[in-house]
Structures are given as structure tokens and as C-alpha cells.
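**Student:** Submitted below is the structure of interest, expressed as C-alpha cells.
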Protein chains: 2
Amino acid sequence: MSKKAKGIISNQIRKKRFEKDEMTQQELAKALGVTRQTIAAIEAGKYSPSLEVAFCLTDIFETSLDELFQWQADTSQTGEDS
Amino acid sequence: MSKKAKGIISNQIRKKRFEKDEMTQQELAKALGVTRQTIAAIEAGKYSPSLEVAFCLTDIFETSLDELFQWQADTSQTGEDS
DNA sequence: ACCAAGTGTTAAGTATATTTGACATGGTGT
DNA sequence: ACACCATGTCAAATATACTTAACACTTGGT
């Protein structure tokens, strides 16, 4: 119950992938040095990537971390505080 | 040999911590919801944080990911390519 | 000399990210 | 109908981030 829940991270990867030459998950995965499943999972929001992978993505899409990832800070203070 | 080595990530956490009211590792850790050892390890460059922790940091220091973390892309193509 | 606070560091455990291998689905071309 | 490609998804294994608990060192205060 009420895990850590700091916030929600979303990303523009799928979007960027289409903008960038209709790139396929497979191709992106190869360019990144990860597997296709990893891309799929990240796009699906199952988990968010490591900083390393995140940075590689900015390299490929020629963008910035702050443009590629969005952070929705958590406001629901369910648990205990200070 | 020649692991994955995409690049090197450095950060301004320690710097920001002093700028921000001489904040201690302990305090930062608490504000972040992680342990003191985690802060120490990240500052020492033993590993880089998850995107979640990274975003929390930008929240606390009122800065951006791109200002807090630096990415030195790897140029030494030791292994095989395409 | 002592104590407390801040930091470095290490070992063993849990949690999460990522891999490998597999199977299912929808689309497109033959 | 069949093959091919892109994607969704799942289970089991490995890698990395993070925790808990402990000990060492330095600095400042008494």
C-alpha cells in the first residue's frame, strides 16, 4: 500500500520515432543498443529507462531530456510526512 | 571485453547541494525519499540515478535535467558495428 | 579527551531495468 | 491462403539501482 509514488513519467519516444523517418522499434533498439522489448515496454509506460538509455535517446532524436520526458509530480500525500 | 560503454554521465548534485543552503546529504536524501548512501554513491559517480530520482532532484533544486546531468557521448568504437 | 555531525565506504539483501526466447495479433504483399 | 514485418506481451534470467546496517575518518564544539 502507498508505495513510493513520487510522480508519473511520460515520454515522447513513440512520437519522435515516427517523426524521425518512421523509425521502427527494431531499428531504434539497435541504434540504442537495447532490445526491441525494452523499447516496447518503455513506450508502453511499463517502466522508465535508465538515465543512460535516456541520454542515448536524446542523442538519436537530437533533442533534450526535458523535451523527451515529462514529469508529473505527485501531489496525493497518502502516507505519512515529516 | 568492451561492455556497452555508451558514454559517461556526470552531475552537479554536490554543487547544487552547497548552493542550496548548504544542504546535507542526509537532508537531501530525506527530501528525495532515498537513503544517504544513495546520494553519496551518485555524487561519487558509482552509478547514475533512475529517471525518477533524477526528476525528483530537479524538483528540489528547481532546475532541469539537462542542467543537472551531463552526458559525454562515447566516441571510442572499440567493438564491432553494424 | 570526549562527543556529535557529516561524509566515505562496504557487504548482503530487495527492487527495478533489461535480456533472451517465445508466442499471438494485425497489416501488407504475393 | 501464405509469408513477412511490426508490434504486444509474457516468463525466467541477469544487471543495475537502491536499502539496511555497520564501521572508519575528519572537523567543530565542550
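The values are calculated or read from the model by the stated rules, or taken from the named source; none is laboratory data. All figures in this text were calculated on a predicted structure; none of them were measured in a lab. Here the Cβ is made from the backbone with ideal geometry for all residues, glycine too, and neighbour counts use every protein chain on show. Note: accessible area is taken over every heavy atom of the protein model, side chains too, but ligands, DNA and RNA are not part of it. Shrake-Rupley method; radii C 1.70, N 1.55, O 1.52, S 1.80 Å.
**Student:** What residues qualify as long-range amide H neighbours of B:Gly7, i.e. H under 5 Å apart, gap of 5 or more or another chain, H built at 1.01 Å from N?
**Tutor:** Those qualifying (amide H under 5 Å, at least 5 residues apart or on another chain) are B:Asp74.
**Student:** Around B:Gly33, which amide H atoms from residues at least 5 apart in sequence, or from another chain, sit under 5 Å from its own amide H, with H modelled in the peptide plane?
**Tutor:** none
**Student:** What total accessible area, in Å², is buried where chains B and A meet, using a 1.4 Å probe and rounding to the nearest 100?
**Tutor:** The buried area between B and A, both sides summed, comes to about 2000 Å².
**Student:** Summarise the accessible area of the stretch B:8-66 (1.4 Å probe, protein heavy atoms) by the percent that is carbon and sulfur.
**Tutor:** The value for the stretch B:8-66 is 48 percent carbon and sulfur by accessible area.
**Student:** Rounded, prolate or oblate: pick one for the stretch A:7-73, where a ≥ b ≥ c are the square roots of the eigenvalues of its C-alpha gyration tensor, a/c under 1.5 means rounded, and failing that, prolate if a/b is larger than b/c, else oblate.
**Tutor:** Judged from the Cα gyration tensor, the stretch A:7-73 comes out prolate (a/c at least 1.5, a/b above b/c).
**Student:** Just counting partner chain Cβ atoms within 10 Å, what average do the residues of peptide B:32-38 show around their Cβ?
**Tutor:** Counting other chains' Cβ atoms within 10 Å and averaging over B:32-38 gives 1.
**Student:** Something else about it: Using protein chains only (no ligands, no nucleic acids) and a 1.4 Å probe, work out which residues of the stretch B:41-63 have their accessible area cut by at least 50 Å² relative to the chain alone.
**Tutor:** Residues passing the criterion (a loss of at least 50 Å², heavy atoms only) are B:Leu51, B:Glu52, B:Phe55.
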